[in-house]
Amino acid sequence: MLPQNRVACIGKIREAFDSCPRPTPELLSPNGGIDGPFVHKNWGHLTRDDVEALEFFGHSLGEDITYMSSVAFRYFVPSVMILFLSRPDSIDFGGFISMVSRCESAFQCRADGYTYGQIAMTRPQAEAFREWFGQLMTIIRKFDLGSFEDEYKGRLRALRSRAKTFTPDTDYDASTIQAIRRR
């Protein structure tokens, strides 16, 4: 049984991303380079329900999210967010770090200045992320980050702040997606 605040956050995530379509195979990872095949192998057969039921979310699945198109990101990442809240014991250190890093790119708030990977989203979607970042801060000990816990609390705070005002209307891969759809 989950606490009511996590249940409410999960409801907000579902509502905000419910209408996002499942990516077609050519839209799953069009700019994935040599890592694209891993995205297809690891994610191409999954549904949102499958992702929420994953027994383990580690570094390789988290890294795959980096190579997903924005369409795939908006389809799969909400289920990953729900998995983090509903079964944090399924998330390993590498999966946690990969997911936070990808969110920093999506929200354009990486400390190292790396700017690849912005994801366009609606205000309700950004607000669902904002709420999720806040929930992660309340359960961060469950992710066994050890000496990195304080650093990641700070990174989650920065993401939460950024999500408060973030509503970009351009995806990093918009031109690629348009070209694929025109074929």
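Given the conditions (1) in contact with a helix residue (DSSP H, G or I) (Cβ under 7 Å, 6 or more places away or on another chain); (2) assigned to a helix (DSSP H, G or I), and given that Glu55 satisfies all but one, which numbered condition is not satisfied?
(2)
Which one of these does Ala163 not meet: (1) touching a Lys or Arg at 6+ places or on another chain (Cβ under 6 Å); (2) without any contact (Cβ under 8 Å) to a residue 40 or more places away in the chain?
It is condition (2) that Ala163 fails.
Run Ala72 past the list (1) of a type outside the set (Lys, Arg); (2) open to solvent by less than 30 Å² (accessible area, probe 1.4 Å); (3) out of contact with any Pro (no Cβ under 8 Å at 6 or more places or on another chain) and report the number of the one that doesn't hold.
Against the list (1) of a type outside the set (Lys, Arg); (2) open to solvent by less than 30 Å² (accessible area, probe 1.4 Å); (3) out of contact with any Pro (no Cβ under 8 Å at 6 or more places or on another chain), Ala72 comes up short only on (3).
Any residue at all in segment 74-89 that is part of a loop (DSSP other than H, G, I, E, B), under 21 Å from Trp43 (Cα atoms) and out of contact with any helix residue (DSSP H, G or I) (no Cβ under 7 Å at 6 or more places or on another chain)?
Yes: one or more hits.
Hey, can you tell me all the residues within segment 141-171 that are in a loop (DSSP other than H, G, I, E, B) and on the phi > 0 side of the Ramachandran plot?
Matches in segment 141-171: Asp144 only.
Being in contact with a Leu (Cβ under 7 Å, 6 or more places away or on another chain) and either open to solvent by 50 Å² or more (accessible area, probe 1.4 Å) or of a type in the set (A, V, I, L, M, F, W, C) (or both) narrows it down to one residue among His59, His40, His45; which is it?
Of His59, His40, His45, the one residue that is in contact with a Leu (Cβ under 7 Å, 6 or more places away or on another chain) and either open to solvent by 50 Å² or more (accessible area, probe 1.4 Å) or of a type in the set (A, V, I, L, M, F, W, C) (or both) is His40.
Working only within segment 172-183, note down all residues that are modelled with pLDDT of 75 or more and in a loop (DSSP other than H, G, I, E, B).
Answer for segment 172-183, where residues must be modelled with pLDDT of 75 or more and in a loop (DSSP other than H, G, I, E, B): just Asp173.
Quick one: which residue in Asp150, Asp144, Asp112, Asp169 is open to solvent by 40 Å² or more (accessible area, probe 1.4 Å), more than 20 Å from Ala16 (Cα to Cα) and in contact (Cβ under 8 Å) with a residue 40 or more places away in the chain?
The unique qualifying residue is Asp144.
Look at segment 20-57 and say how many of its residues are at pLDDT 95 or above and of a type in the set (S, T, N, Q).
Qualifying residue count for the region: 2.
Quick check: is even one residue across segment 21-41 outside any loop (DSSP other than H, G, I, E, B), more than 25 Å from Arg162 (Cα to Cα) and among the basic types (Lys, Arg)?
Checked segment 21-41: at least one residue is outside any loop (DSSP other than H, G, I, E, B), more than 25 Å from Arg162 (Cα to Cα) and among the basic types (Lys, Arg).
The values are calculated or read from the model by the stated rules, or taken from the named source; none is laboratory data. No experiment lies behind these values; they were computed from the predicted model shown. Don't worry about glycine lacking a Cβ; one is built from the backbone with ideal geometry, like all the others, and counts go over all protein chains shown. For accessibility, only protein heavy atoms count, side chains too; no ligands or nucleic acids. Shrake-Rupley method; radii C 1.70, N 1.55, O 1.52, S 1.80 Å.
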